[in-house]
Amino acid sequence: MQKADGGRRPPAIGPFQGEDYPMSDQKFLGLDLSTQSLTALIIDPHDLSLIKHQITFDQDLPHYGTKGGVPQSDDPTSALVNPIMWVEAVEMVLAWVKQSGLAGSIAGISVSAQQHGTVFLNNEAGKTLHMLSPSKALHEQLSGIFSRRMSPIWMDSSTGAECAEITKAMETGPGIMHLTGSHATERFAAPQIRKFWKEDPQAYEATAHIALISSFLTSLLIGAIAPIDGGDGLGMNLVNMHSGNWSASALKATAPGLASKLPPVITRDKLVGPASVYMQKRFGFGPGCQIVVGTGDNPSSLAGLGLVGEEKIRAISLGTSDTYFGYISQLLDQKRNHGHIFGAADGGFMFLLCFKNGSLTREKIRDDYGLDWAGFSDHLTAVRPGNQGRIMLPYLWPEITPLVLDTGIRRYGGLKADDPAANVRAVVEAQIMSMYLHSDWTGKRPDEILITAGGSGNRAILRVIAQVFGARVRAYEVTGSAALGAAVRAAVCWMKADGQKTDFGTLVRDITGTAMSEAIEATPEETRIYQGENGLIAAYAACEAHFLGHGPDPGEAIARFRRKYA
């Protein structure tokens, strides 16, 4: 079947269909553990098939009492999960692979997992992982290996005091952002470890190994304590991004004796061992099945989009939070006060900026005016680019980029609350201009931008992105880029070790086919309205600076825009 643009449709991703799937000997399994589910994706680089299976924690593991994958808490800043739930989910997925008859054809496996979550293991963990009995369930044998029963995940925001303490302790050096790639961040491992040490020093002392979720799941596959990769490791506030090793000053600022509790860091994808004897005997994986070092969901998504090694294309995820991210081969000028640097699969880096006011903010504006998404799009396209200088700062929730705690909507340039079309245009323009403004440190502006997640289907929003950035914009039509990235990482690493020539971009394009929409491009005149001298981006920056207390009233900047463009 052909798409309208003449390309073939991407292959269907669905549950196992028995004899419908060929049995080549080089299939690759990606496991992606998100907040709410564990997804298994099997790819075959030879016949380009994809097979998917998913475990949803709330529905398939109800005895853990989660809602959205997380147990409910009276403390809104706390987000702790029982890691045994993840173990049981892994068992269920591996059992599915066995039942499908595919386990023996899996040549490589890699893990993607929600970034920043930490798992604390006692001194029995390594021995227990190595001595697992194939006749017993995995979760039953591992219940005693944890020095901390519950693991903090990325949603936990309870470590503000610890972030401040770590930042202060590192003030005399180059600073934590320049050293580790990010400001001390509440969800990151360093402040979470520090809080654990402060609140329960005995349990911290009994901790022999500290893992990230991705390395913990990898440990289950190899039957030993797994290393941490640079992609996930640089989301800890503990790794020196310049050397790729643990930072002595960051370790000292975090907790005593921390170095002895951390595994090695691996800065590029590497085979870390064969599937364990337990994996072979209980689930039917072959002795030649190799495990690739696990990583976080953000670096895995970069691989799943085929962007590892590609610096002319960037990506935007229009999800609950919006993110702007891409690959960089070398570290950039660190004169910035926001954003993150993580590692990439090939030893390079990825940047990521997170904007908390994403889809929920767009939905709130939509609902305020009684619109559906079609009506929202109609209003968005009814107003010409630049919105006549009417600007919104849509901080309905505390914002990450830039840091805003005083929530609410601010309107400038005569934007009236009773004008639905102007407000719809204003919220989308504000979100995209903020991405453009705050990504100025990420290198050359892109030629093309791939759009993923829920908002990627709204072509009216995509057109605004093209207008603001002056780049070709395409929607990426394959869901689950992190799971695909895990499978692709396993394939690329295994194939290179086998002497085969491949790369991320080629393999992703081969597997997904033409899984991108037709390109949307703006006219030079449209982009000039935003980027030109005295354009709307300059006026927006003046509004933001005024609100943050860094600049004068933006009225004159808005007036300059109107004189030239309105």
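General remarks:
- For the stretch 188-263: rounded, prolate or oblate by the Cα gyration tensor [a/c cutoff 1.5]: oblate
- Within a straight-line Cα-Cα reach of under 26 Å, residue 364 can be paired with the following lysines, leaving aside sequence neighbours fewer than 8 residues apart in one chain: 67, 356, 416.
- 3J(HN,Hα) along the stretch 205-222: 4, 7, 7, 9, 9, 10, 10, 8, 4, 5, 6, 5, 5, 5, 4, 4, 7, 9 Hz, from the Karplus curve 6.51 cos²θ - 1.76 cosθ + 1.60 with θ = phi - 60°, whole Hz, x for Gly and Pro.
- Three-way shape call for the stretch 315-397 based on the alpha-carbon gyration tensor, with the a/c threshold at 1.5: prolate
- Accessible area per residue for the stretch 502-566 is 48 Å², calculated with a 1.4 Å probe on protein heavy atoms, without ligands, DNA or RNA.
- Where labels lie 7 Å past Cα in the beta-carbon direction, separation of residue 521 and residue 496 in nm: 3.3
- Relative packing of peptides 259-266, 302-309 - highest average C-beta neighbours within 10 Å first: 302-309, 259-266
- Among 349-355, 247-253, the peptide with the highest mean count of other Cβ atoms within 10 Å heads the list, and the full ranking is 349-355, 247-253.
- Helix 536-547 and the longest principal axis of the Cα set of the chain meet at an angle near 80°.
- Stretchable slack from residue 178 to residue 92, in nm (0.36 nm times residue separation minus alpha-carbon distance): 26.8 nm
- Among 130-141, 150-161, the order from most to least packed when residues are scored by Cβ within 10 Å on average: 150-161, 130-141
- Members of 198/261; 52/312; 270/444 lying beyond 26 Å, as alpha-carbon distances in this model show: 52/312; 270/444
- Rolling a 1.4 Å probe across the protein heavy atoms gives the stretch 292-435 an accessible surface of 34 Å² per residue.
- Shape of the stretch 144-187 from the C-alpha gyration tensor: prolate (a/c of 1.5 or more and a/b above b/c, with a ≥ b ≥ c the square roots of its eigenvalues).
- Charging the Cβ of each Asp and Glu at -1 and of each Lys and Arg at +1, and nothing else, the dipole of the stretch 406-468 about its Cα centre rounds to 100 debye.
- Principal-axis tilt of helix 481-497 within the chain, Cα atoms, nearest 10 degrees: 60
- Solvent-accessible area per residue, Å², over the stretch 119-250 with all protein chains present [probe radius 1.4 Å]: 38
- Carbon plus sulfur fraction of accessible area for the chain, probe 1.4 Å, in percent: 50
- Point-charge dipole on Cβ atoms (K/R +1, D/E -1) for the chain, about Cα centre, debye to 20: 620
- For the stretch 142-297, fraction of C-alpha pairs farther apart than 26 Å, in %: 28
- When you restrict to C-alpha pairs under 8 Å that are six or more residues apart and normalise by the size of the stretch 46-151, the relative contact order lands at 28 percent.
- Each Lys and Arg Cβ is given +1 and each Asp and Glu Cβ -1; about its Cα centre, the stretch 490-554 then shows a dipole of about 380 debye.
The values are calculated or read from the model by the stated rules, or taken from the named source; none is laboratory data. No experiment lies behind these values; they were computed from the predicted model shown. We place every Cβ from the backbone using ideal geometry, glycine too, and count neighbours over all the protein chains shown. Side chains included, ligands, DNA and RNA excluded: accessible areas come from the protein's heavy atoms. Shrake-Rupley method; radii C 1.70, N 1.55, O 1.52, S 1.80 Å.
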